[in-house]
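Just so it is clear, none of the values below were taken in a lab; they were calculated from the coordinates. From a predicted model like this one, the values you see are computed outputs, not experimental measurements. Cβ placement follows ideal geometry from the backbone for every residue including glycine, while neighbour counts extend to all protein chains displayed.
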Amino acid sequence: MTGVRRDVLICLALAAAMALLPAMVGTRYVITQITLFFIWGVVVTQWNLVLGVAGIFSLAQMALFAVGAYGTAMLGYYFGWPMPLAMLVAALVTVAVSMLIGLACLRLRGPYVALLTLAIAQVIYLMVVNDTGCFTNPPSGCMPLFGGVRGFSRFGDLGFRAILGSKWFIGQYYVGLALLVLAVLFSILLIRGPLGLAFKALRDNPGYAMSRGVGQLKYQLWVFGLSAFFTGLAGAFYAVQFGVVGPIVFSLTMLLFLLAMIVVGGMGTIWGPLLGAALLMLADEGMREMGDWRDIGLGLILALFVITLPRGLAGLRR
Amino acid sequence: MTPTAAAPLLSCQKVTKQFGALAAVSNLSFEVMPGEILGIGGPNGAGKTTLFEVLSGLNPATSGRVLLEGRDITRLAPEAICHAGIARTFQLNAGFDGLSIRDNVRVAAYFGRDNRRLPGLRLGRETEAITDAALAAVGLTGRDAEMAATLPVLDRKLLMLAGAIATRPRLLLMDEPVGGLNAAEIDRMMATVRRIADSGVTIILIEHVMRFLVRLSDRVLILHHGEAIYLGPPAGLTRDRTVVDVYLGEGASQRLAALIEGGGA
């Protein structure tokens, strides 16, 4: 399988280039924006496994991201767990939640999957923001179990402030980079391996796939479970990167922004979602001073791509 | 000629498939011996494809039992029936359109025989060897990278057949393998099916092209309204009054009789 080798080499070369970057551009703003790109990169490469490779139109990915973020924050806030452990456990919880969602969507197709998963995400969101009963009463005021509209803060960090001082964000940068590299390698192995073949077979023709020995229940659970681990971990890392976790992670704007990255880059391809993430984050950056026009600009880019390049940037090679 | 002493490979016992008030397959019993080719014919709506849906598990029987080598497979899921050794081709030219020819067959080679409790990270040499053999068996060698979506109808049928063979079935169900093909293509498919049968695979095939059906089949089963109206050697078809009346018609019957006598079926 030379395809795997090629993709792994590309991944490692890009990783090496990104690893050298902080030595050249040291400003905190650029570094933290690229760290954010790593986070979104992880989410879109994993979401792409469900959406593009398995062809299941799930919109639950940001809710899973939120499970990872909230899980980490809550384990730190309520139990004082060290962050690496909290992050890992939160990612495993995300896997379990995702498999449940996969089970719920088993008999649904196309837009119905989108509706159900969006509904699940909205229900979780409403449960978080509408919960006003005090779970604990710290000096800062009433604290609902899931943080309410305010969310969580001061739940711990990865300890880079103690080691690197004011340069702590560079430590975070490398953790984010490592996370993205692992997530991309993971997606390469999946897409180019037997599981990827099973996912694509079920995407193209479920009935035919079943009669060739590919069970739908089993592999739907596999794809939901596998794509959730790094998504949850990305959410967990988001929590320690910003030190705050609030209901904004459920916002529809964010969901659509990430969905647009996958569409613009090319669904179902290995590098498309990452390309899309880079392009849209750069475009968003370029339109920072444009106020309300920023969202309209992103919408126009998405529309332009859907019309002129329906297979995304990665589709240009074919 | 089929040995009568041997145990049947497939045994259908009073199989019924009910859609509301309509019995698409009604109280149907028959057996298929190892190494046999059983041809199934009958008018449109006779329940032929429904029978395949039942056998392959995509649409399980309402009542009755299906046994494969004595094992009850009536209620097994389609993928489990595939693992048990029954592979099927479809009337509509099913395929994985987003995959290459090779990947189409690889899916079947990797997942078709083994349940793969824990799928690996690589397909492995065995899967590639099975894929090569299946592609060679239908004459698609050397066209690995072509996308399934772009193939003409004969190649799609051959690809579907390669996928079926790659699961290494004991019983192959073929639903109209030559529907929509021209005479030369039918001859090519006939030779291919004959080779597959000679390799030890038992075959049940549904076909309206009578030349194909009578030349290949050891026995023929004619269905009408979900019931068997004829089960016997192909040579007896044209002498059976009911078959001539409800399916063949007088003209086709005479042409078929000439074919059977002249063609050495």
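DSSP assigns beta bridges within the protein assembly as shown; of those with both partners inside it, close to 60 percent run antiparallel. Backbone amide hydrogens, once placed in the peptide plane, bring B:Thr62 within less than 5 Å of B:Thr16, B:Lys17, B:Gln18, excluding anything fewer than 5 places away on its chain.
Once you sort the root eigenvalues of the Cα gyration tensor of the protein assembly as shown as a ≥ b ≥ c, which label holds: rounded (a/c under 1.5), prolate (a/b larger than b/c) or oblate (the other case)? Prolate, because a/c is 1.5 or more and a/b exceeds b/c. For A:Phe38, A:Phe186, the sequence from fewest to most other C-beta atoms within 10 Å is A:Phe186, A:Phe38.
Applying Stokes-Einstein at 4 °C and 1.567 mPa s to the Kirkwood radius of the range A:252-318, computed over alpha-carbon pairs, gives a translational diffusion coefficient of 110 µm² s⁻¹.
Short-range pairs are left out: with C-alpha atoms under 8 Å and at least six residues apart, the relative contact order of chain A is 30 percent. In the range A:252-318, Cα pairs under 8 Å separated by at least six residues give a relative contact order of 38 percent.
Measuring nothing but alpha carbons in the range B:121-194 and taking Rh as the Kirkwood radius, the Rg to Rh ratio lands at 0.98. Relative to the 2.2 N^0.38 Å rule of thumb, chain B has a C-alpha radius of gyration ratio of 1.00.
Please identify the longest segment of chain B free of exposed trypsin sites (Lys or Arg not before Pro), where exposed means a DSSP state other than H, G, I, E or B and no more than 15 other Cβ atoms within 10 Å. Counting at most 15 other Cβ atoms within 10 Å as exposed, the longest clean stretch of chain B is B:144-265.
Backbone geometry of the range B:206-215 corresponds, through the Karplus equation with coefficients 6.51, -1.76 and 1.60 at θ = phi - 60°, to 3J(HN,Hα) couplings of 9, 7, 8, 6, 5, 4, 5, 5, 6, 5 Hz, x marking Gly and Pro. A Cβ-based charge dipole, computed about the Cα centre of chain B with Lys and Arg at +1 and Asp and Glu at -1, lands at about 440 debye. Close amide H partners of B:Met174, meaning residues 5 or more places away or on another chain with modelled amide H under 5 Å apart, are B:Thr89, B:Ile204, B:Leu205, B:Ile206. Think of each Lys and Arg Cβ as +1 and each Asp and Glu Cβ as -1; about the Cα centre, that makes the dipole of the protein assembly as shown roughly 760 debye. Rg over Rh for the range A:69-117 works out to 1.20, both radii taken from alpha-carbon positions and Rh defined as the Kirkwood radius.
The packing ranking, built from the mean of other Cβ atoms within 10 Å per residue, places the peptides B:202-210, A:9-17, A:98-106 in the order B:202-210, A:98-106, A:9-17, highest first. Counting lysine pairs in the protein assembly as shown that sit 8 or more residues apart in sequence, or on different chains, and whose Cα atoms lie under 21 Å apart gives 5. Our coupling estimate for the range A:66-76, obtained by passing each phi through the Karplus curve with A = 6.51, B = -1.76, C = 1.60 and θ = phi - 60°, is 5, 4, x, 5, 5, x, 4, 4, 5, 5, x Hz, Gly and Pro reported as x.
Note that the range A:22-128 shows a convex hull volume over its alpha carbon atoms of 136 Å³ per residue. In summary, the convex hull built on the alpha carbon positions of chain A has an orientation-averaged projected area of 17.6 nm². Each residue of the range A:237-243 is assigned a 3J(HN,Hα), and the resulting list reads 5, 4, 4, 6, 5, 9, x Hz, derived from the Karplus form 6.51 cos²θ - 1.76 cosθ + 1.60 (θ = phi - 60°), x at Gly and Pro. Taking amide H positions as modeled 1.01 Å from N, with prolines and chain starts lacking one, the residues under 5 Å from B:Leu10 and 5 or more places away or on another chain are B:Val32, B:Glu69.
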